[in-house]
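The values are calculated or read from the model by the stated rules, or taken from the named source; none is laboratory data. Owing to the predicted nature of the structure, the values given are computational and were not obtained by experimental measurement. Quick reminder, even Gly has a Cβ in these numbers, built from the backbone with ideal geometry, and neighbours come from all protein chains shown. These accessible areas exclude ligands, DNA and RNA; they are computed on the full protein's heavy atoms, side chains included. Shrake-Rupley method; radii C 1.70, N 1.55, O 1.52, S 1.80 Å.
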Amino acid sequence: MKLPKELLNGGIIFMGIGAYFLLMNALGYADLFYLRLLNVFFVFYGVNRTIEMNINEGKKNFVDNAVSAMITSLIGVFLSIIGLVTYSYMNGGDAYVKSLPMTFLFGGNPSVNTYSICLLFEGIASSVIVTMLLMLYWNNRHITD
């Protein structure tokens, strides 16, 4: 059975982000917020791979490719959030989240759920941006409609 390319590439995004954050944590760089921003490269890679696979299969409809790209990035985001929640609870739940740097969308003492929901919204926003940028890139390279 062959996995859909959106699920495969979403899984690649998840594995890349997961491995990157575990490596940063192991090296002691998890508190450097600007290094955490580099996870967008994993999203770019996975979404670009989906669009490229679609074009190689002859699927050149702009809307279909945009939907496929968005599904890929959202799968990566949702799997990453599930991984974050699991990892947080394995390391102490709310106490673990309170030990993380507070450089995201909230202040105070967030719970695992609050932290995860904020990252979910941030991930969805970045998914939309990455999808739009890559669709514009591929639309300029190939006539897709």
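Numbers for the structure displayed
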item: Cα-derived Rg over Rh, computed across the chain with Rh taken as Kirkwood radius; result: 1.03
item: For peptides 23-30, 38-45, 8-15, sequence by mean Cβ density within 10 Å, most packed first; result: 8-15, 38-45, 23-30
item: Carbon plus sulfur fraction of accessible area for segment 1-102, probe 1.4 Å, in percent; result: 70 percent
item: Calculated SAXS-style log₁₀ I(q)/I(0) at q = 0.12, 0.13, 0.17, 0.22 Å⁻¹ - segment 7-71, Debye, Cα scatterers; result: -0.38, -0.43, -0.63, -0.84
item: Whole-Hz couplings from phi, Karplus 6.51/-1.76/1.60, listed for segment 34-42; x for Gly and Pro; result: 5, 6, 5, 6, 6, 5, 5, 5, 5
item: Rounded tilt (10° steps) of 5-27 against the dominant C-alpha axis of the chain; result: 30 degrees
item: Lysine pairs in the chain with Cα atoms under 28 Å, if 8 or more residues apart or on separate chains; result: 4
item: Solvent-accessible area per residue for segment 1-123 (1.4 angstrom probe, square angstrom); result: 57 Å²
